[in-house]
Each structure stands twice: as structure tokens, then as C-alpha cells.
Amino acid sequence: MGLFDIFKKKEYQLTLQLNARLQPFDRGEFFEDPLNEALKDSKCGTTDGGGTMQLATGEIEFCDIEIFLKDNNKENVEKLLQFIDRMGVPKGSILKAAGLEQSVGTLEGLALYLNGTELSEEVYQNCDINYVIEKIDEVLDGSGQYYSYWEGPENTALYFYGISFGEMKQRMTSFLSEYPLCQKCRVEQIA
């Protein structure tokens, strides 16, 4: 079934499954609230909460935003797709409704896993994770930004999304090699 075949049905509810690792508050700040505002301003719909799916480890796998369109006409669905595109969502995200799965997203994601168990106590006492976030946002210089985090039993993940995983990784490499808290860290592409 194609994107606009849903107009033959009276389906008003859609789900935006974000390929993003976000705490619920961050999902609201970066995606749900701005999308809700755009839908309300255009008088074509609203968001109605969302959810978070976790991996067996407890790390976030993806999150959802529930969307209600007032009318399932082609114009409203096109507006929704434009809002999603303008907002910028991670690659691998999906807009779903009954009989519909439309891939959306242009951003790439980077997870920085900071080692939480193998560094010296002095490093953990004297270094600040907020400084890591601040400095990386500085060196990314608009090519990406910090979105959220996850604290696991052995490491803490910081999630960044931007235009290019490769560029974000390259820009932060020097800082990661110099700052003590970033010793034994790992970087993974997540979108």
C-alpha cells in the first residue's frame, strides 16, 4: 500500500517511530513539542504523547510519537511530512499508520560511550561529563549537537545527531584523545 492510499480509509492516527535514543524529556523537547506546535499552528492536527522502547540492557532503542490528524487528506499528510523533514529526524525513522510505512529522516547519529568502570578514581572525581557535552557541542560547530544520554552499569552513552556521522566523529577526535574522562571511550554510528 502506498503513502497516499491511506486516504481511502478513515485513519487519522499515525505513529512517528524515531530512530533516536532519547530520554522521554528529550524526545519532547527536540521532536514532540515542536511537531505539536507546527501541527496546531497549521490547524491540521496534534501530537498525543509517545513512548520509549528499550533494549535488554536498558539502553534506549527508539522512541515513538503519536500523531492525530484532523483530516486524513493528502494535504495534511504532506504538511506532516514537511514538518518532519524541516525538524530533521534521524535516518531509519518511520511514519506509520494502518497499511502505511514511510521511511523518513536525514540526520545521522553518533553514540559516545564513556567508560564508567575502568578509569582511575581521580579521573571520575576531577572530570565532568557536562564539560564533555559542552566541549563536543563546541567542536561540532553546527555539524551536529548533543540530544540525550543513557547511564548504564558500565558506561554512559551520550547521543549526538547531525548531518554526517563521519564529520561529527572527525571533529571530536582531538578532544576525545585529550580529555581524561574520554579514555577508553568508544564511538558508534547509531543512525
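Grab the beta carbon distance between ALA56 and GLU78, set R0 = 45 Å, and tell me the FRET efficiency rounded to 0.05.
Efficiency, from the Cβ-Cβ distance: 0.70.
With no solvent and one equal point scatterer per Cα, compute the Debye intensity ratio I(q)/I(0) for the chain at 0.15, 0.17 Å⁻¹ and report its log10, rounded to two decimals.
-0.88, -1.05
Given the pairs LYS40/LYS169; LYS43/LYS91; LYS96/LYS135, which are separated by over 30 angstrom at their Cα positions?
Violating the 30 Å Cα-Cα cut-off are LYS40/LYS169; LYS96/LYS135.
Please give me, ordered by residue number, the GluC sites (Glu not before Pro) of the range 48-127 that lie in loop per DSSP and have at most 10 other Cβ atoms within 10 Å.
Sparse-neighbourhood loop GluC sites (Glu not before Pro): GLU118.
Report, in whole Å, the centroid distance computed from the Cα atoms of the range 84-106 and the range 121-184.
Cα centroid to Cα centroid, the span is 27 Å.
How far is it, in nm, from the label point at GLU167 to the one at VAL139 when both lie 7 Å from their Cα along the line to the Cβ?
1.7 nm
Rounded to the nearest 500 deg cm²/dmol, what is the calculated helix-only ellipticity per residue at 222 nm for the chain, with -39500 (n - 2.57) per DSSP H run of length n ≥ 4?
Helix-only estimate at 222 nm: -9000 deg cm²/dmol.
Can you compute the charge dipole magnitude of the range 57-130 about its Cα centre, using +1 on each Lys and Arg Cβ and -1 on each Asp and Glu Cβ, nothing else charged? Give it in debye, rounded to the nearest 20.
I would put it at about 580 debye.
Work out which helices of the chain, taken as complete DSSP H runs, extend at least 15 Å along their axis over the Cα atoms and score a mean Kyte-Doolittle of -1.0 or more, then list them.
Length and hydropathy pass: 74-87, 129-140, 165-178.
Read the figures in this text as sums done on the coordinates, not as results from a lab. Since the model is a prediction, treat every value here as computed from it, not as a measurement. Cβ coordinates were reconstructed from backbone atoms using ideal geometry, including for glycine residues, and neighbour counts include every protein chain displayed.
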